[in-house]
Amino acid sequence: MNLLIRNGRLLDPAHRRDEVTDVLIENGKVARIGRTLKAEGPKSDIQVIDGTDRWVVPGLVDVHVHLREPGFEYKETIKTGTEAAAAGGFTSVCCMPNTQPVNDNQAVTRLIREKARQEGRVHVFPIGAVTKDSKGEELAEIGELAEAGCVAITDDGKPVMNSGVMRRAMEYALAFDLPVIDHCEDEHLMDGGVMNEGVVSMELGLRGIPAAAEEVMVARNLILAELTGARLHLAHVSTAGSVRLIREAKSRGARVTAETCPHYFSLTEEAVRGYNTDAKMNPPLRTVQDRDAIRQGLKDGTLDVIATDHAPHTEDEKNREFDLAPFGIVGLETALPLTLRLVEEGVLSLDEAVAKLTVHPARVMRLNKGHLGIGADADLCLIEPEAAWTVEPARFHSKSRNTPFAGWRMKGLVAMTIVEGRVVYSTEEIRAV
Ligand SMILES: [Zn+2]
């Protein structure tokens, strides 16, 4: 089945396109772009999709997702996680290695890829561990992980505390041209904290995590990246100090990219009041000044990528006292409208916002994704920009419901997601895949 999307507003930052046009998809690839296209061949072979008043954008690419399989299938599976991705407009996700077992060897990488091929709704790119069992001690077989299809390495969920180990990891990763991603957090400074350290943590009587816990590790990683020449990607940046450090390193020409997440530019530590465990995440929600610095970092290009850090947990796990609940929130189904708020508020242009969800993350992982060039995989999504809706966690496609955005009014709805020319998600019932 081929597809013809008529009369949509095509937004493709990678090719500097923003125009009302038609897109013809043949054999899973973008075949032609232009006004009033006609499909060749018999009519029954082509499905026409009305793009009027819709945006047609490259499928979103998320470099930071926890799919939880293998090992934690009660929270999420490759199937449900990729269904959530498709519902959120994502066509490619990179999954973190902190599964059980940890993705620190080819067998686990192959298992994930095989499951994703069989049951996944969207493309899944595994990320391997930096160290064996992500214990931070002995390096994983980085070359073998690369060979099995891992697109990056990280011990995300925890930092690589030992700077010597991190240096060697960067040297190895450089040999395979893999980015090294670090969850920047000094465990000793974190010291059992559960939220941002500040006035709110004091008032609530909760142990705080200082901004410095993140910033000293950002600084260390930048220094090691400059020492080794490795490609460094900093996960979920949350503080003003981190933004400043990354900006300085970039101005020196360091090979560093960085991501933040919608919650860090949308919320502050105030969301934790009432001991709301759906606002418990790591790094924690910070102050208004941090949130504003994150927005500024997105605007000036210091922060290249918007990633979700989609981290599903069950209701039972979150329904505990604040100290005991796990860190993390789901994010795949709310990332796009939260990012579009930045456009409404004048922080980002629409082009910049789309780029940070598509071509920039694809470039970090060296994926030929996130753009709609002729001959590229037809991974794209259709958005109804004016459609308003309310976040109802019960309707999430994810297995988990842990979001601090329940009840929020959103503008901008994913109407359809297409992967290699196949409709994998649609708000309309007519789609036969
Ligand atoms: Zn992390």
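Annotation: G301 fulfils all but one of (1) open to solvent by 10 Å² or more (accessible area, probe 1.4 Å); (2) more than 18 Å from the chain's Cα centre (by Cα); the unmet one is (2).
Checked against the criterion of being under 24 Å from R117 (Cβ atoms), within 16 Å of the ligand (Cβ to nearest atom) and of a type outside the set (D, E, K, R), region 158-177 contains not a single residue that satisfies it.
Considering only region 2-16, state which residues are at negative phi, outside any strand (DSSP E or B) and open to solvent by 80 Å² or more (accessible area, probe 1.4 Å).
Matches in region 2-16: H15 only.
Taken together, the residues in region 280-298 that are under 17 Å from H66 (Cα atoms) and open to solvent by 10 Å² or more (accessible area, probe 1.4 Å) amount to 1. Selection over region 181-224 of residues that are assigned to a strand (DSSP E or B) and within 16 Å of the ligand (Cβ to nearest atom) gives a count of 5.
In the set E259, E187, only one residue is within 30 Å of K318 (Cα to Cα) and buried (at least 24 other Cβ atoms within 10 Å of the Cβ); that residue is E259. Restricting the search to strands (runs of 3 or more DSSP E) fully inside region 51-96 and requiring at least 2 residues that are within 16 Å of the ligand (Cβ to nearest atom) gives 60-65, 90-95. Taken together, the criteria exclude D104 from residues that are surrounded by fewer than 24 Cβ atoms within 10 Å (Cβ to Cβ) and not in a strand (DSSP E or B).
Exactly one residue among R409, R401, R422, R363 is within 29 Å of P326 (Cα to Cα) and surrounded by 15 or more Cβ atoms within 10 Å (Cβ to Cβ), and that residue is R401. Can we say E19 is more than 30 Å from A129 (Cβ to Cβ) and open to solvent by 10 Å² or more (accessible area, probe 1.4 Å)? Yes; evaluated as a whole, the condition is true for this residue. The set of residues in region 130-163 that are touching a residue at least 40 places away in the same chain (Cβ under 8 Å), buried (at least 16 other Cβ atoms within 10 Å of the Cβ) and assigned to a helix (DSSP H, G or I) comprises L145, A148.
The values are calculated or read from the model by the stated rules, or taken from the named source; none is laboratory data. Being a predicted model, the structure only gives us computed values, none of them experimental. In this analysis, Cβ positions are derived from the backbone assuming ideal geometry, glycine residues included, and neighbour counts consider all displayed protein chains. SASA here: full protein model, heavy atoms, side chains in, ligands and nucleic acids out. Shrake-Rupley method; radii C 1.70, N 1.55, O 1.52, S 1.80 Å.
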